[in-house]
Amino acid sequence: MMTHSDPSNSFIRNEREAKIAARADQLAAIFAERAPKHDLDGTFPFENFNELRETGYLALTVPKQYGGEEASIYELVLSQERLARGDGSTALAVGWHIGLLKQLHLSGACPEPLFSELCHEVVNDGLVMNELASERATGSPTRGGKPQTKAVKVDGGWLISGQKSFCTLSPILKKFIISATMSDTDTVGSFLVEAGEGVEIIETWNTIGMRSTGSHDIVMNEVFVPDRHLIRGRASDQLRKPVPTDGNMLHIPACYLGIAHGARDFAIDFAAKHQPNSLQTPIAELPNIKRLIGEIELDLTTARTYLYHTADRWDKEVDNRAELKIELGVAKHVATNAALRVVDHAMRIVGGLSLSRAFPLERMYRDVRAGLHNPPMDDIVITNLANRALGK
Ligand SMILES: Cc1cc2nc3c(=O)[nH]c(=O)nc-3n(C[C@H](O)[C@H](O)[C@H](O)COP(=O)(O)OP(=O)(O)OC[C@H]3O[C@@H](n4cnc5c(N)ncnc54)[C@H](O)[C@@H]3O)c2cc1C
């Protein structure tokens, strides 16, 4: 009987992290059962979000003073990586929510008492949030395009009109933050919008990967937003020193690495059991299969080490966070590209059966593709590295 070891367990450093990891593992096991059906139908996993709510997962990054767990970035990465082993779509979707709460906490952009109200809604009512910045005309907001969504100043607030694309979590978003060009200053601000009159979901999300993230379009037609829901864009913002918050974006590489780890587990289990009658041993004993397993371990070990090391540095080096931006990008580049290779190698191990819809590998293969199109994009990471080397 072969025993498998999991080197990722060594990234759990204390009892609190062990609890965070155990909850994510339990949820991942449940979500893995449901993932094939949601993937096939392209449906949103509402029941997963009920469990994320019941287990307190939604409040992972809510500050302790508002009843949350106030997870560090390291803990966020640990939890998300393990959750994604069961279902990448659910992990990416909830990752935007917990990442946004962490970002709002660190940046202080969301004025009190609005931030505490939102946190209480997350803790008590299971509110799920997201930031919607992408539009068809701008492409990725990281490229600096100006939103076509407009915020027109009116008495006591703003009227928001426009269309956002890639709106992950759209089926359950009661409140979300959008970027818009402001009519009075022609600058870009962000606003907290509530679902309801004037807000419509257009079901555009029909993709090959991450099919259950509910990333449809959202159209806003003259939606009134009170002044107090302006998150960024006040004249006083110009005077404040910006606080780096990008550590939250490590939920992205954590998710894709988690999907890859799920593929690794499946392939190793398969290799340990599968024994065609031409062989005296399971295929795991064959040199060609061992080589593929070893290459998977190499990719996972290097990507995971860099990811967790970066998360830990980000938590600890508070005054150095602006400098760590490039490292965050490297962690994302390394993890998402490693994830593509790992799933590919896992499928080569399993062989023709890896193509079967009865197994999770073909879903994982499609899901990891999406990592390339989440920020920061590969070319930006590489350019930043080159510029740093050139002293720019
Ligand atoms: C599963 C998933 C979930 C997502 N969820 C969200 C969400 O919740 N909220 C949200 O706001 N967004 C979300 N997004 C959108 C994401 O952040 C990007 O905006 C989106 O994927 C479009 O990025 P793009 O690079 O394809 O677009 P584009 O910017 O249009 O790029 C298209 C192509 O042109 C190239 N290109 C464009 N501009 C430049 C440039 N200046 N220099 C060099 N090359 C360039 C790109 O590299 C790419 O090859 C999600 C995306 C995915 C895949």
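Tell me, which residue of segment 348-382 that is within 16 Å of the ligand (Cβ to nearest atom) and within 17 Å of R85 (Cβ to Cβ) is surrounded by the most Cβ atoms within 10 Å (Cβ to Cβ)?
D367
Please find, among A335, A339, A311, the residue that is in contact with a Ser or Thr (Cβ under 9 Å, 6 or more places away or on another chain), in contact (Cβ under 8 Å) with a residue 40 or more places away in the chain and not in a loop (DSSP other than H, G, I, E, B).
A311
Please name all residue pairs, on different chains or six or more residues apart, with Cβ atoms under 8 Å, provided the first residue is in segment 373-390 and is outside the structural domain of N337 (by TED's automatic domain parsing) and without any contact (Cβ under 8 Å) to a residue 24 or more places away in the chain and the second residue is more than 11 Å from the ligand (Cβ to nearest atom) and hydroxyl-bearing (S, T, Y).
Correct list of pairs: empty, since none qualify.
Checking C110 against (1) within 30 Å of K273 (Cα to Cα); (2) touching a Leu at 6+ places or on another chain (Cβ under 6 Å); (3) more than 16 Å from the ligand (Cβ to nearest atom); (4) among the hydrophobic types (A, V, I, L, M, F, W, C), which single condition isn't satisfied?
Single failed check for C110: (1).
Between T301, T305, T213, which is touching a residue at least 24 places away in the same chain (Cβ under 8 Å), out of contact with any Ser or Thr (no Cβ under 6 Å at 6 or more places or on another chain) and polar (S, T, N, Q)?
The unique qualifying residue is T301.
Of these, T149, T168, which one is surrounded by 15 or more Cβ atoms within 10 Å (Cβ to Cβ), β-branched (V, I, T) and under 17 Å from H97 (Cα atoms)? Walk me through it before giving the result.
Details: T149 fails: under 17 Å from H97 (Cα atoms).
Step by step, each of T149, T168 is checked, and only T168 is surrounded by 15 or more Cβ atoms within 10 Å (Cβ to Cβ), β-branched (V, I, T) and under 17 Å from H97 (Cα atoms).
Quick check on my filter: what residues within segment 32-48 are touching a Ser or Thr at 6+ places or on another chain (Cβ under 8 Å) and surrounded by 14 or more Cβ atoms within 10 Å (Cβ to Cβ)?
A35, H38, D39, G42, T43, F44, P45, N48 - these are the residues of segment 32-48 that are touching a Ser or Thr at 6+ places or on another chain (Cβ under 8 Å) and surrounded by 14 or more Cβ atoms within 10 Å (Cβ to Cβ).
Report every pair of residues separated by at least 6 positions or lying on different chains whose Cβ atoms are under 8 Å apart, first residue within segment 57-77 and under 14 Å from H97 (Cβ atoms) and assigned by TED's automatic domain parsing to the domain that holds W96, second at pLDDT below 95 and not hydroxyl-bearing (S, T, Y).
As it stands, the answer is none, since no pair meets every condition given.
For segment 176-190, does any single residue satisfy the condition of being within 27 Å of K332 (Cβ to Cβ), in a helix (DSSP H, G or I), within 16 Å of the ligand (Cβ to nearest atom) and in contact with a strand residue (DSSP E or B) (Cβ under 9 Å, 6 or more places away or on another chain)?
No: zero hits.
Can you tell me which residues in segment 77-127 are crowded, with 23+ Cβ neighbours inside 10 Å and charged (D, E, K, R)?
Hits for segment 77-127 are E81, R82, R85, D87, K102.
Select from segment 178-187 the residues that are surrounded by fewer than 22 Cβ atoms within 10 Å (Cβ to Cβ) and either at pLDDT below 95 or within 16 Å of D217 (Cα to Cα) (or both) and list them in ascending order.
Pass one, segment 178-187, residues surrounded by fewer than 22 Cβ atoms within 10 Å (Cβ to Cβ): 181-187.
Those that are surrounded by fewer than 22 Cβ atoms within 10 Å (Cβ to Cβ) and either at pLDDT below 95 or within 16 Å of D217 (Cα to Cα) (or both): S183, D184, T185, D186, T187.
Looking at (1) farther than 28 Å from E362 by Cβ; (2) exposed (fewer than 15 other Cβ atoms within 10 Å of the Cβ); (3) of a type outside the set (S, T, N, Q), which is the one condition that is false for A29?
The number of the failed condition is (1).
Test G67 against the stated conditions and say whether it is within 16 Å of the ligand (Cβ to nearest atom) and over 15 Å from the mean Cα position of the chain (by Cα).
Judged against the criteria, G67 is not a match.
Counting only residues that are closer than 22 Å to V199 by Cβ and without any contact (Cβ under 8 Å) to a residue 24 or more places away in the chain, which one in segment 132-151 is nearest to the ligand (Cβ to nearest atom)?
The selected residue is T138.
Against the definition (in contact with a Pro (Cβ under 7 Å, 6 or more places away or on another chain) and at pLDDT 95 or above), how does T310 come out, yes or no?
Details: in contact with a Pro (Cβ under 7 Å, 6 or more places away or on another chain): no; at pLDDT 95 or above: yes.
It is false that T310 is in contact with a Pro (Cβ under 7 Å, 6 or more places away or on another chain) and at pLDDT 95 or above.
What single numbered condition from (1) surrounded by 24 or more Cβ atoms within 10 Å (Cβ to Cβ); (2) in a strand (DSSP E or B) fails to hold for V223?
Status for V223: all satisfied but (1).
The values are calculated or read from the model by the stated rules, or taken from the named source; none is laboratory data. A quick note: this is a predicted structure, and the numbers were derived from the prediction, not measured. Cβ atoms come from the backbone with ideal geometry, glycine included; neighbour counts cover every protein chain shown.
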